[in-house]
Amino acid sequence: MEGSRAEPLRYPVAGNGKLGGPQALSDLLIVAGALMLAASLPLVALRVLSFKPGLFPFLVLGTIVGIWLIRNPRWIVPCYIGLVWTSIEAAYFGGLPSPIESAGLVLLAVATWQALLRLDYTREVLIICGLIAIPLLAGGIASPQGMEVPVDALKNVTFLFLIALIVRTIKDVDRATVTLSWIGVFLGAGALFSIFGHPTRLFPLKAPEFQFQVIAPRAAGPIGDPNFFALVMAALTPFALYLIACGRRRQWLGALATILIIGGVLATGSRGGMLAVGFAIVTCGIVMPVRRLRVVATVVVLLTLVALPLFAIQRQDAEGRSTEGRLTENKIALAMFADHPVTGVGPSQYPPLYRDYSRNIGNDTRPIREPHSLPLEVAAEQGIAGILGWLVAFAAVFRFALRRGIWDLLLGRALALAVATYMVASLFLHGSEIRLLWLLLGLVMALGHAVSREAPEARSA
């Protein structure tokens, strides 16, 4: 058993390479999207370089990747998933439309076409999206602060629909793990360079919150916040470990990604991020019965202990930071839930109401804060409706996927543990990067649907 799981699964290639039938339209739309991006890149490059010449190396790299994607269109969707995961904001593109949003519109058209071709599966996906979206709408309509449609929150939910429909095969999900591991290498290396080299615009350091206060430099990454940057990297750990379990050339990418992810999280000084990474390493070692993985995980942990003195300042700062503010934020979230238990105070209404509650709860003088706990944020802003919607949606996703056998594949276990790792980290953070969670759930749904169609071939290969 152990030997059979040590090798990567050989998945059958979907289709016969010929254009024909309804499926061809989806492929043509993907190619059209790639050509549109290729045609617009020179114009974008010239405009950006005119006032930001320092971005020239990144544009060269982007051009090389773009040309490679046109020659390898099956990697377009996995690379888009990786781009979304970087959480690079539109501000980094010189005021031009974000490629995450512009490419997402093209892929959303593909996903909609795929939905029409697979109505039974689409119904499952839409039910899960509805379980998440309806409490958001109800909370916005019934908010004591006034009726408001939570457009941004609903847009994030579309990532679940898009990924669940656009990722079609087991191999597509497998490619996504490779891309996300490369993203882990990129983010981890950037975080370490910002600490031991010098900060850059894409990888800045967090500035002190209070004047004259001396704090350790903390890598903030493209997100601009060390704690969320740590979450983004920590949730990639199961994918890196999965590649180690696959063996062969993949194990080297997995090992590199694991080391850089751990180093990057240490550079952020995030206590919750390190807890999430530790959770991922331990649980992957338990549920992935591959000796190679357990050996490498042990070596990585030992190397981390040896490297801790390099991050002594970040570690001391983390140990010295008070948790009193977090406790106050959590107590206020519970108080909001108690005052509005059915639909909550409304999506995104916690920050503006924080000061009103902090006058009577705790001693925090800061006027605007976040709940810093995703479950408590859902309880405060969406009430019982949101809690039930989330619980039923998560249960439906994993019931759908597990009944179709994703747990029989190392890939499925890695994906499930990535969701679990994200949730562990989110115990200490609110939902600022919630679209990454919907992306992961979309991959879970896509893998479950793909396994139900490809399982006999995949297991006999």
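The values are calculated or read from the model by the stated rules, or taken from the named source; none is laboratory data. This is a predicted model, so every value here is computed, not measured. All Cβ positions, even for glycine, are placed from backbone atoms using ideal geometry, and neighbour counts span all protein chains on display.
May I ask you to list the residues in region 229-249 that are farther than 12 Å from Ala276 by Cα and crowded, with 24+ Cβ neighbours inside 10 Å?
Hits for region 229-249 are Phe229, Phe239, Ala240, Leu241, Tyr242, Leu243, Ile244, Ala245, Cys246.
I'd like the full set of residues that are outside any helix (DSSP H, G or I) and modelled with pLDDT under 95, limited to region 224-249.
Gly224, Asp225, Gly247, Arg248, Arg249
Of the numbered conditions (1) crowded, with 16+ Cβ neighbours inside 10 Å; (2) over 19 Å from Leu187 (Cα atoms); (3) at pLDDT 70 or above, Ala45 satisfies every one except a single condition; which is it?
Going through (1) crowded, with 16+ Cβ neighbours inside 10 Å; (2) over 19 Å from Leu187 (Cα atoms); (3) at pLDDT 70 or above one by one, Ala45 breaks only (3).
Considering only residues that are closer than 17 Å to Asn363 by Cβ, polar (S, T, N, Q) and in a helix (DSSP H, G or I), look in region 303-340 and name the one that is modelled with the highest pLDDT.
Asn330
Residues checked against (1) under 24 Å from Tyr80 (Cα atoms); (2) at pLDDT 95 or above; (3) in a helix (DSSP H, G or I):
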| position | (1), (2), (3) |
| --- | --- |
| Gly362 | no, no, no |
| Arg369 | no, no, no |
| Leu376 | no, no, yes |
| Glu381 | no, no, yes |
| Ala414 | yes, yes, yes |
| Ala420 | yes, yes, yes |
| Met423 | yes, yes, yes |
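With the checklist (1) among the polar types (S, T, N, Q); (2) surrounded by 19 or more Cβ atoms within 10 Å (Cβ to Cβ); (3) part of a loop (DSSP other than H, G, I, E, B) in hand, flag the one item Asn156 doesn't pass.
(3)
What residue, of Ile132, Ile170, Ile166, is hydrophobic (A, V, I, L, M, F, W, C), modelled with pLDDT of 90 or more, under 26 Å from Gly386 (Cβ atoms) and crowded, with 23+ Cβ neighbours inside 10 Å?
Going through Ile132, Ile170, Ile166 in turn, the sole match is Ile132.
Return the pair list, or none, for Cβ contacts closer than 9 Å from residues in region 340-366 that are in contact (Cβ under 8 Å) with a residue 12 or more places away in the chain and more than 14 Å from Ala379 (Cβ to Cβ) to residues that are buried (at least 22 other Cβ atoms within 10 Å of the Cβ) and charged (D, E, K, R), at least 6 apart or on different chains.
Matching pairs, first to second residue: Ser348/Glu381; Tyr354/Glu329; Ser358/Glu329; Gly362/Glu329; Asp364/Glu329.
Working only within region 63-91, note down all residues that are modelled with pLDDT under 80 and among the aromatic types (Phe, Trp, Tyr).
Selection gives Trp68 alone.
So, Ala446, is that one surrounded by fewer than 24 Cβ atoms within 10 Å (Cβ to Cβ), out of contact with any Gly (no Cβ under 6 Å at 6 or more places or on another chain) and modelled with pLDDT of 95 or more or not?
Judged against the criteria, Ala446 is not a match.
Being of a type in the set (A, V, I, L, M), in contact with a helix residue (DSSP H, G or I) (Cβ under 6 Å, 6 or more places away or on another chain) and more than 13 Å from Thr421 (Cα to Cα): is that true of Ala297 here?
Yes.
Kindly indicate whether Gly254 is within 23 Å of Pro217 (Cα to Cα), touching a residue at least 12 places away in the same chain (Cβ under 8 Å), in contact with a Phe, Trp or Tyr (Cβ under 9 Å, 6 or more places away or on another chain) and not β-branched (Val, Ile, Thr).
No, not satisfied.
Can you tell me which of (1) at positive phi; (2) surrounded by 22 or more Cβ atoms within 10 Å (Cβ to Cβ) is the one Ala418 doesn't meet?
(1)
Could you please let me know if Leu137 is modelled with pLDDT of 90 or more, within 10 Å of Pro347 (Cβ to Cβ) and in a helix (DSSP H, G or I)?
Judged against the criteria, Leu137 is a match.
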